[in-house]
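Engineer: Dropping a structure here in structure tokens format, bear with me for questions.
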Amino acid sequence: MPMILSSPLLSKPSFLSYSRVGIFSTQKKKNAFCCLSHSLKDNGVQNRYVSHQEGNSSRRFLLFLLVSSGLSPTLSSSGKTKSKNPYDEKRLLEQNKRRQKENNAPDDFPNFIREGFEVKVVASEDYKKSDSGLVYRDYEVGKGDCPKAGQQVTFHYIGYNESGRRIDSTYIQGAPARIRMGTNAVVPGFEEGIRDMRPGGKRRIIIPPELGPPVGPSTFFSSKQFEVFDIELLSIQNCQRRTIAFYSDFVCN
């Protein structure tokens, strides 16, 4: 059953997901600050004749520790707002809607209220949520059997980010995509979204960061975000292993 949290700010949509990717513990902040303060105090007692230049260096070092550990107050421009004021959520929601409109996002596209690493997904009641956290909506169910591990699926897709900007599309590329199920060829959330589809089916999936792609300098994605995909499953093919001399592969028909 989907988790739906109502909000007085919204007349139609409902909150479907609330993801906490990473939050620095308040107690840990206090302990770290106390330890740091005692350390600097002891050093001040032992070294009474510190030069003015060394004092500036100590202050710069303290500032570096505060910033790097998250102890310093964050700026409003960083987006890491700690306030839970409902007016702030409404402002962030309207901001996301404006960006999606500028990016020509499709109809009934989910909205995202992001405050730093905390995200709320706002979507209509037509969306469902699986136990893993994947959110989806079927526009057409399709006919036939669902794909099984080892079978190849052929499909079209369009990928979007939280702002509704299109990041990839097989329609623009001019050819559908193909993967073999159960081979970890795509991110977990994407394969889960296809697993119970039927040929001819059309579905929109919302992949949370924990089911999405890895992030980092060596990947296409630089931060943990929700990804949205519109998928059209075209066909399912059986596959058999083919071996020729020292070469082996799979043939799907």
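The values are calculated or read from the model by the stated rules, or taken from the named source; none is laboratory data. If you're wondering where the values come from, they're calculated on a predicted model, not measured in any experiment. Neighbour counts run over all protein chains shown; Cβ positions are idealised from the backbone, glycine included. These area figures cover heavy atoms from the full protein model, side chains too; ligands, DNA and RNA do not enter into them. Shrake-Rupley method; radii C 1.70, N 1.55, O 1.52, S 1.80 Å.
Engineer: Could you state the number of Å between the C-alpha centres of region 184-199 and region 139-183?
Structural biologist: First find each Cα centre; the distance between them is then 8 Å.
Engineer: For a label point 7 Å from the Cα of Ala175 along Cα→C-beta, name the residues of region 232-253 whose backbone N is under 16 Å from it.
Structural biologist: 252
Engineer: In nm, give the distance between the simple-model label positions of Asn103 and Phe117, each being 7 Å from the Cα along the Cα-to-Cβ direction.
Structural biologist: 2.2
Engineer: Quick one: accessible surface of Glu94, probe radius 1.4 Å, all protein chains present, in square angstrom to the nearest 10.
Structural biologist: Accessible area, nearest 10 Å²: 80 Å².
Engineer: Hey, got a sec? Which trypsin sites (Lys or Arg not before Pro) in region 159-248 land in a DSSP loop and have at most 14 other Cβ atoms within 10 Å?
Structural biologist: Arg165
Engineer: Between Asp88 and Gln240, what length in nm is gained on full extension when 0.36 nm per residue of separation is reduced by their alpha carbon distance?
Structural biologist: 49.2 nm
Engineer: Please work out how much length the chain gains when fully extended from Ala185 to Lys143, using 0.36 nm per residue of separation minus the C-alpha to C-alpha distance, in nm with one decimal.
Structural biologist: Gain in length upon complete extension: 12.7 nm.
Engineer: Using a simple spin-label model with points 7 Å from Cα along the Cα→Cβ vector, what separation in nm is obtained for Asp131 and Ser163?
Structural biologist: In this crude spin-label approximation the distance works out to 3.8 nm.
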